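Worksheet: one structure, shown below.
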Amino acid sequence: MLFDLGDTLLNYGKLDPHEPFAQAVRQTWTYLKEQGQFVSRYKWLYAARSLLAIRLRMIWSDITQQDFDSLVVLKKLGKKMGIQLNDQQYEDLVWLWYEPLARRVTIEPDLHNTLSTLRNRGLKLGILSNTFVSATALNRHIRQFGLIEFFDFIYYSYEFKKRKPHPEMFQAAIKKLGFEPGEIVFVGDRIKNDVQGSLGVGMIPVLKKTYANTNQQVPNGVIKINSIAELPGVIEKINGH
């Protein structure tokens, strides 16, 4: 069984990004100062340079459908700004950029029990996520929720040439799991990326209802759920029990 990450396992919801970004600017600017790095005395200038670097990469990613690693972008930007950090410090910096968003995330109260039930039934579990947030930050976040041990592998789109719904990530997961596509369930909240993408390679899609798919047309026959807790019952129905 495969899962999308955002708004499937980790519930970000419909957030206004402006406040998390402002908080991230303040705490990353302060962190760099504490590490003895020279950064502009004007936070707005530091914020503008950082935002421009990410926005340009996001625009290019939308054109190419290939995501980027935010850690790599921050290192290149840091070099241009004369910042000298070691690898661990850069990983800490990436986390500080992401953390204001992370603290707004929730998970379903019974998610641990549900994933444990699925594992105890012998299912292999994996995550396929479209993202430019570095694995160092996302894995840290997943670990904070006590979820990472449930998954056999996690694939992030920036590690591949194309993001979902392109078949590349799905095919890599099929090979990793060692099952036929028709034996693999994919759970996500995006109709194009998750449902159509998994259908395209022959998997069984399950759509979790969220704000992202409200009032959207769902392909015929796609299983719909309101929560991850419904999955053990879904598996029983698929297996004909």
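Working carefully through the options Lys209, Lys175, find the one that is free of Cβ contacts under 8 Å to residues at least 40 places away in the same chain and within 21 Å of Phe160 (Cα to Cα). If you could, list the steps in order and put the result at the bottom.
Details: Lys209 fails: within 21 Å of Phe160 (Cα to Cα).
Only one candidate passes the filter, namely Lys175.
Which one of the conditions (1) under 27 Å from Asp87 (Cβ atoms); (2) out of contact with any Phe, Trp or Tyr (no Cβ under 6 Å at 6 or more places or on another chain) does Pro219 fail to meet, given that it meets all the rest?
(1)
List pairs: first residue in the range 47-67 and at negative phi, second residue part of a helix (DSSP H, G or I) and not acidic (Asp, Glu) anywhere in the structure, Cβ distance under 6 angstrom, at least six positions apart or on different chains.
Ala47/Val25; Ala53/Val73; Ala53/Leu77; Arg57/Val73; Asp67/Ser61; Asp67/Ser157; Asp67/Tyr158
Under the condition of being hydrophobic (A, V, I, L, M, F, W, C) and out of contact with any Phe, Trp or Tyr (no Cβ under 9 Å at 6 or more places or on another chain), which residue from the range 22-47 is surrounded by the fewest Cβ atoms within 10 Å (Cβ to Cβ)?
Taking the candidates together, the pick is Trp44.
State yes or no: is Asp7 touching a residue at least 60 places away in the same chain (Cβ under 8 Å) and acidic (Asp, Glu)?
yes
Please state which one of Ile191, Ile184 is crowded, with 18+ Cβ neighbours inside 10 Å and touching a residue at least 40 places away in the same chain (Cβ under 8 Å).
Ile184
Does Arg163 count as basic (Lys, Arg) and touching a helix residue (DSSP H, G or I) at 6+ places or on another chain (Cβ under 6 Å)?
For Arg163, the condition - basic (Lys, Arg) and touching a helix residue (DSSP H, G or I) at 6+ places or on another chain (Cβ under 6 Å) - is met.
Would you confirm, using the coordinates I've provided, whether Ala173 is under 22 Å from Arg121 (Cβ atoms), in contact with a Ser or Thr (Cβ under 8 Å, 6 or more places away or on another chain) and small (Gly, Ala, Ser)?
So Ala173 does not fit the description; no.
For residues that are closer than 16 Å to Lys79 by Cα and among the acidic types (Asp, Glu), tally how many sit in the range 5-60.
Residues flagged as closer than 16 Å to Lys79 by Cα and among the acidic types (Asp, Glu) within the range 5-60 amount to 0.
Take the range 25-40 and flag every residue that is more than 12 Å from Leu85 (Cβ to Cβ) and among the charged types (D, E, K, R).
Arg26, Lys33
Among the residues of the range 87-112, which ones are among the polar types (S, T, N, Q) and touching a residue at least 12 places away in the same chain (Cβ under 8 Å)?
Result: Gln89, Thr106.
Each reported figure results from applying straightforward, stated rules to the coordinates on display, with no laboratory input. Not measured: the values here are computed from a predicted model. Note that each Cβ is placed from the backbone with ideal geometry, even for glycine, and that neighbours are counted across all protein chains shown.
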